[in-house]
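Everything on this sheet refers to the single structure shown next.
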Amino acid sequence: MNNEATGEGGPVVALTGATGFIGTALRAQLMAAGYRVRALYRPRRGRNVQCADGLKWVAGDLGDRDALAALVEGADAVVHCAGSVRGASPEAFNQVNETGVLDIVQAATASPTCRRFLLVSSLAAREPELSDYANSKRLGEIALEANAGRLNWAIIRPPAVYGPGDKEMLPLFQGMARGLAAIPGDGSGRFSLIHVADLASAVVAWLNTASASGCTYELDDGHERGYDWDTVLGTASRVLRGNAPIRRLHIPVPVLRTVAGINLMAARAFGYAPMLSPGKVREITHPDWVGNGHAFTQATGWQPALGFERGLAETLGVAAPAISGIPS
């Protein structure tokens, strides 16, 4: 599994979360851009990591300090995108999203070759009072800020990320393709989106730019003021259903809260990590999840390439309608 290029080659980037939805896209784009990648993975039965020139897999997890030391050894930069989106308690989130950041930052500062550190956080960190998850992401940002030392560092906060391989938003899109959209609450909020390929290209753009240290950036797909449900469903109708209508199924917030509370109690009783929790309900019914990527574009020159129309078509593997202009 040790196929990292030796001798001449591009800079080495240590990558966490390398086997996940976002990490897989990051790994591919980093290597395509000429970087050598040192990728952390957790060994488990049935997992077969993909070998390639310029790629070295390091077995371990965020709680394994020896593995983290091996991961950053000789690396020029760290991109930390590992995180937990499911949990039944604040401690479950904080262990990964705060302590995990602290441990990888300390490993990076101890490495004489590592100069840069990029944390892939979440737009949820902007509203830490909403949920244990959002608070843990903000605590992770604070851990980086307080412990980065000599590192040139930055934080990027993507909004909802979608694309091929995503499992969280796929059921929503598949429902739209069948003509039904489950919408939390009254559906009056606005939100930004970003395709996973654009998120990965943003990471590469930051690595390629000698930007100022200590910045926190929001990202989005370039759609001004984000999206509302009318826009999303109108696009989905064109892309997925040949302009056939999509029926809305509004799920009242009290119903969501009741189901989430039962789910959380069951998760604690039976030991699983729930996705739907009272905190998640507060997140998904928050009225403003609009990001603004202008500052990041000014700092790096990055531009998103995939609007929602094209991105949705690629996600579900359908032919996109004729598109005029990017992003759509």
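The values are calculated or read from the model by the stated rules, or taken from the named source; none is laboratory data. Note that the structure is predicted; figures quoted are calculated from it, not measured. Cβ placement follows ideal geometry from the backbone for every residue including glycine, while neighbour counts extend to all protein chains displayed.
Per-structure values
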| quantity | calculated |
| --- | --- |
| Number of positions in the stretch 22-64 that are closer than 25 Å to SER84 by Cβ and in contact (Cβ under 8 Å) with a residue 60 or more places away in the chain | 7 |
| Subset of the stretch 74-102 [surrounded by 18 or more Cβ atoms within 10 Å (Cβ to Cβ) and acidic (Asp, Glu)] | ASP76, GLU98 |
| Checklist (1) under 27 Å from ARG248 (Cβ atoms); (2) in contact with a Gly (Cβ under 8 Å, 6 or more places away or on another chain) applied to ASP166, failing item | (2) |
| Residue that is farthest from ARG86 (Cα to Cα) [pool: residues in the stretch 250-275 that are among the small types (Gly, Ala, Ser) and buried (at least 16 other Cβ atoms within 10 Å of the Cβ)] | ALA260 |
| Members of the stretch 28-54 found to be modelled with pLDDT of 95 or more, in a strand (DSSP E or B) and either closer than 19 Å to VAL196 by Cβ or not basic (Lys, Arg) (or both), listed by number | VAL37, ALA39, LEU40 |
| The stretch 288-309, residues that are within 20 Å of the chain's Cα centre (by Cα) and either at pLDDT below 95 or part of a loop (DSSP other than H, G, I, E, B) (or both) | VAL290, GLY291, ASN292, GLY293, TRP302, GLN303, PRO304, ALA305, LEU306, GLY307 |
| Residue in the stretch 131-153 that is surrounded by the fewest Cβ atoms within 10 Å (Cβ to Cβ), counting only those that are of a type in the set (A, V, I, L, M, F, W, C) and over 18 Å from GLU91 (Cβ atoms) | ALA146 |
| Residues that are in contact with a His (Cβ under 9 Å, 6 or more places away or on another chain) and not small (Gly, Ala, Ser), drawn from the stretch 109-157 | PHE117, LEU118, LEU119, VAL120, GLU127, LEU130, LEU144 |
| Lone unmet requirement of (1) farther than 15 Å from ASP221 by Cα; (2) at pLDDT below 95; (3) of a type outside the set (A, V, I, L, M); (4) surrounded by 18 or more Cβ atoms within 10 Å (Cβ to Cβ) for THR285 | (2) |
| Some residue of the stretch 225-246 being assigned to a loop (DSSP other than H, G, I, E, B), among the hydroxyl-bearing types (Ser, Thr, Tyr) and surrounded by 14 or more Cβ atoms within 10 Å (Cβ to Cβ) | no |
| Residues located in the stretch 110-130, provided they are of a type outside the set (D, E, K, R), crowded, with 17+ Cβ neighbours inside 10 Å and under 26 Å from LEU30 (Cα atoms) | SER111, CYS114, PHE117, LEU118, LEU119, VAL120, SER121, SER122, LEU123, ALA124, ALA125 |
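Results for (1) more than 14 Å from the chain's Cα centre (by Cα); (2) charged (D, E, K, R); (3) part of a helix (DSSP H, G or I), shown as yes or no for each residue.
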{"site": "LYS137", "(1), (2), (3)": "no, yes, yes"}
{"site": "GLU145", "(1), (2), (3)": "yes, yes, yes"}
{"site": "TRP153", "(1), (2), (3)": "yes, no, no"}
{"site": "ASP166", "(1), (2), (3)": "no, yes, no"}
{"site": "ALA181", "(1), (2), (3)": "yes, no, no"}
{"site": "SER201", "(1), (2), (3)": "no, no, yes"}
{"site": "VAL204", "(1), (2), (3)": "yes, no, yes"}
{"site": "ALA210", "(1), (2), (3)": "yes, no, no"}
{"site": "TYR217", "(1), (2), (3)": "no, no, no"}
